[in-house]
Amino acid sequence: MYEVIQAAEHFTKQIDENIKRLEEDLGAGSAKSFEEYRHMCGVITGLLTARRSITDLTRSMKDSDE
């Protein structure tokens, strides 16, 4: 079970890095159109949703292990 939790934490870290990169890109004004801006915001929303799901699952696994 420890390996699964470790993998989940690794994926969470990767997701955080992707979110940070997208936020920096948005802050730098890299979106060339409103549609591109909306797309980037949607990707961030999706990544945050995935991160929340992974975090909840990891927490649940840790709690059931105790």
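Quick notes on this structure:
- Net charge of Cβ neighbours under 12 Å - reference D56; Lys, Arg +1; Asp, Glu -1: +3
- Calculated on the alpha-carbon coordinates, the convex hull of the chain measures out at 61 cubic angstrom per residue.
- The range 1-48: trypsin sites (Lys or Arg not before Pro) in DSSP coil with no more than 13 other Cβ atoms inside 10 Å: K32
- Calculated mean residue ellipticity at 222 nm for the chain: -31500 deg cm²/dmol, from DSSP H runs with n ≥ 4 weighted as -39500 (n - 2.57), summed, divided by the residue count and rounded to 500.
Every read-out reported here was derived from the displayed coordinates using simple, explicitly stated rules and does not represent laboratory data. All figures in this text were calculated on a predicted structure; none of them were measured in a lab. So basically every Cβ, Gly included, is an ideal-geometry build from the backbone, and we count neighbours across all protein chains shown.
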